[in-house]
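The structure appears below as structure tokens.
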Amino acid sequence: MPEQHRQNIYELRSSAVQEVLRKPPAFLIVWANITIIVIIAVGFLLLSVITLPADANAAYQLKEINRNTDSAGTILLSTSLSTNELQTLRLPAKAYLYPGGEMLNNSGVFTCKVDTAYRHMGKVYLRAQTHTPAVFAFPTGRVRVAGPPESLLQRFFKKIHL
């Protein structure tokens, strides 16, 4: 009798297990799908919130100097910026001039304010106002124009479209 009782228990257990295994795992599938959707949504939200500056870097050559006073003036820079970089600039923009072309050294950096940017004969020209007369002594170097901040999501879609 005890063996028959044990056999019934095992049969009951195995039938309960079989019943659970026969059911489709709907609950698990639904929660897994919801979790994946939430993770993707949070990822896109983070990509749209995290912003980076969209700076444009290029070599420059000083073309024209108009001194307003001894310490201030307007300079015209001929740069190797691309047309796409020119279109992303929001003027007036802050520009940093690195004489000699070394962007690693921050000691010789001059700042100026870019008022006008235009393209002529395949070159991009920047007209900037400066209050540092030492800029006039350096005819070549590199320029970094501070652009508007853009999110990682914007950069991702920009890379796809280019």
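Readers should treat all values here as calculations from the given coordinates under stated rules, not as data from a laboratory. Note that this is a predicted model, so its numbers are computed, not measured. Don't worry about glycine lacking a Cβ; one is built from the backbone with ideal geometry, like all the others, and counts go over all protein chains shown.
A few notes on this one:
- Nearest 10 degrees, 0 to 90: helix 26-49 Cα axis against the chain principal axis: 10 degrees
- Backbone geometry of region 121-138 corresponds, through the Karplus equation with coefficients 6.51, -1.76 and 1.60 at θ = phi - 60°, to 3J(HN,Hα) couplings of 6, x, 10, 9, 10, 10, 9, 10, 9, 10, 10, 10, x, 5, 4, 5, 7, 10 Hz, x marking Gly and Pro.
- Structure-based [θ]222 nm, the chain - -39500 (n - 2.57) summed over DSSP H runs of at least 4, per residue, nearest 500: -12500 deg cm²/dmol
- Placing +1 on the Cβ of every Lys and Arg and -1 on the Cβ of every Asp and Glu, with no other charges, gives the chain a dipole of roughly 320 debye about its Cα centre.
- Across region 77-94, the residues whose backbone nitrogen lies under 16 Å from the label position 7 Å along the beta-carbon direction of THR111 are 92-94.
- Crossing angle, helix 2-22 versus the chain [Cα axis fit, 0-90 degrees, rounded to tens]: 30 degrees
- The distance between label points at LEU21 and GLN61 comes to 8.0 nm (points 7 Å beyond Cα on the Cα→Cβ vector).
- Over all other residues within a Cβ to Cβ distance under 11 Å of PRO92, the charged ones net out to +3, with Lys and Arg as +1 and Asp and Glu as -1.
- In degrees, nearest ten, helix 152-161 long axis to first principal axis of the chain (Cα): 80 degrees
- Dipole check for region 53-148: with +1 at the C-beta of Lys and Arg, -1 at the C-beta of Asp and Glu, and the Cα centre as origin, the magnitude is about 160 Debye.
- Within a Gaussian network of the chain (alpha carbon springs, distance under 10 Å), most fluctuating of GLN61, GLN129, GLN18: GLN18
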